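Trainee: Let me begin by handing over the structure; questions about it come next.
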Ligand code: 13P
């Protein structure tokens with residue numbers, strides 16, 4: 001394992017003022033998102049939309065890396081440059097989603113186990129040769145009646161650590177993503193408890209399996225009530241309890257924290273990050289973003305309704321807002 005390379009990549013991904021664009025939606029998810037704005041999905045439509053995002057002038061000041069899907073890492077920009085090569089030429093690190101999706105966990109109706117370990121070593125080697133320097137694997141944890149089960153948490157934590165170890169062996173910084181979903185009626189206390197459990201189990205597995213934490217990033221959810229909960233969490237409380245939870249359960253030598261947005265509104269995702277980065281309470285890591293929907297939702301709508309330039313303008317705006325949130329310098333007045 002090349003620890004120096006992994007640590008340098010991890011540090012570059014959480015460089016001040018920068019964060020990650022998650023553009024690694026599987027074809028099924030991307031098709032749903034395109035159809036939701038009235039567009040038909042095809043390989044070319046997905047390429048054109050994403051290539052346009054990546055070509056946004058100046059976005060490299062807010063985007064340290066982009067997570068790609070297998071289809072996209074093999075595609076080219078409009079003028080023919082391979083996408084990973086193009087991103088690298090702009091100083092943006094190409095990354096790759098390497099899990100093959102969350103599938104039904106046998107014996108535990110409604111719970112999921114993320115698959116993709118078979119052949120992972122060979123796939124990582126290929127992605128590295130194509131220019132990828134980091135990877136993502138997302139586990140999905142659902143709070144509900146009697147869930148998550150111990151089986152769901154332990155199998156996902158084990159798989160996350162196995163994935164991370166293989167990535168590091170192949171020179172890719174693993175983004176470890178145990179996502180506690182916002183779907184459901186649970187409150188923020190339930191989210192705190194379950195997030196604590198899955199983080200502790202995940203890092204226990206990482207320790208058992210020799211994962212080099214300084215060369216890995218954690219992509220956690222924030223501590224927030226479920227979308228169906230009748231008491232939604234105040235922004236200040238999201239920020240305070242998220243920092244409290246992470247500080248208690250995440251080893252302090254992890255290379256950095258890059259939050260997912262998980263269905264939060266664009267402005268909530270930015271405001272929460274901004275609050276965390278302006279708190280007096282210290283934390284041992286860079287707190288950054290690896291947003292999918294919160295960086296792309298407005299850009300995708302604009303792409304469908306107004307076209308290329310409007311989409312780039314929407315993306316540039318969200319990227320700038322989140323970049324400012326890295327240092328607590330975002331303000332609501334900047335949104336208009
Ligand atoms: P969201 O920010 O839309 O949650 O997506 C981030 C991601 O990559 C989920 O795996």
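Trainee: I'd like the distance between the alpha-carbon centres of the stretch 156-206 and the stretch 124-153, rounded to an integer number of Å.
Mentor: 7
Trainee: Find the centroid of the Cα atoms in the stretch 1-75 and in the stretch 301-333, then give the distance between the two in whole Å.
Mentor: What the calculation gives is 15 Å, centre to centre.
Trainee: Consider just the alpha-carbon atoms of the stretch 81-215 and return their Rg together with their Dmax, both in angstrom.
Mentor: 16.1, 50
Trainee: Along the Cα→Cβ direction, 7 angstrom out, place labels at residue 32 and residue 79. What is the inter-label distance in nm?
Mentor: 3.7
Trainee: Let me ask you something else. Got the relative contact order for the stretch 92-188 handy, in percent, Cα pairs under 8 Å and 6 or more residues apart?
Mentor: Values: 168 pairs, mean separation 31.3, N = 97.
Computed over the stretch 92-188, the figure is 32 percent.
Trainee: Something else: Note the full-extension length gain between residue 207 and residue 125 as 0.36 nm times their separation in residues minus their Cα-Cα distance, in nm to one decimal. If you can, show how the numbers build up before the last one.
Mentor: Details: separation 82, 0.36 × 82 = 29.52 nm, distance 2.35 nm.
So the extension gain works out to 27.2 nm.
Trainee: Give, in nm to one decimal, the length gained when the segment between residue 11 and residue 89 is fully stretched (0.36 nm per residue of separation minus the Cα-Cα distance). Mind dumping the intermediate values first?
Mentor: Numbers: separation 78, 0.36 × 78 = 28.08 nm, distance 1.86 nm.
Gain in length upon complete extension: 26.2 nm.
Trainee: Also, I was wondering about something else. Diagonalise the Cα gyration tensor of the chain and give the resulting equivalent ellipsoid semi-axes, square root of 5 times each eigenvalue, largest first, whole Å.
Mentor: Three semi-axes, in Å: 27, 24, 20.
Trainee: Let me ask another. Could you compute the FRET efficiency for residue 145 and residue 253, with r as their C-beta to C-beta distance and R0 at 30 Å, rounded to 0.05? Don't skip to the end; give the middle numbers.
Mentor: Numbers: r = 37 Å, r/R0 = 1.23.
For R0 = 30 Å, the calculated efficiency reads 0.20.
Trainee: Rg and Dmax in Å for the stretch 199-282, alpha carbons only: what are they?
Mentor: So, for the stretch 199-282, Rg and Dmax equal 13.9, 42 Å respectively.
Trainee: Kindly provide the helix-only [θ] at 222 nm of the chain, computed as the sum of -39,500 (n - 2.57) over DSSP H runs of four or more divided by all residues, to the nearest 500 deg cm²/dmol?
Mentor: Details: 12 runs with 154 residues, N = 336.
Roughly -14500 deg cm²/dmol at 222 nm, from the helical runs in the chain.
Trainee: So, one more: Could you work out how far apart the two model spin labels at residue 103 and residue 331 are, taking each label as a point 7 Å from the Cα in the direction of the beta carbon, and quote it in nm?
Mentor: 5.2
Trainee: Would you please classify the overall shape of the stretch 42-145 from the alpha carbon gyration tensor, given that a ≥ b ≥ c denote the square roots of the eigenvalues, rounded means a/c under 1.5, and beyond that prolate means a/b larger than b/c while oblate covers the rest? Please list the in-between numbers first.
Mentor: Values: a/c = 2.25, a/b = 1.90, b/c = 1.18.
Prolate.
Trainee: If I stretch the segment between residue 313 and residue 281 completely, what's the gain in nm (0.36 nm per residue apart, minus their alpha carbon distance), one decimal? Walk me through the intermediate numbers first.
Mentor: Numbers: separation 32, 0.36 × 32 = 11.52 nm, distance 3.44 nm.
Gain in length upon complete extension: 8.1 nm.
Trainee: Also: FRET efficiency for residue 234 and residue 200, Cβ-Cβ distance as r, R0 = 30 Å, nearest 0.05? Don't skip to the end; give the middle numbers.
Mentor: On the way: r = 26 Å, r/R0 = 0.87.
Result of the calculation: an efficiency of 0.70.
Each reported figure results from applying straightforward, stated rules to the coordinates on display, with no laboratory input. Keep in mind it's a predicted model, so treat the numbers as computed, not measured. All Cβ positions, glycine included, derive from the backbone under ideal geometry; neighbour counts span all protein chains shown.
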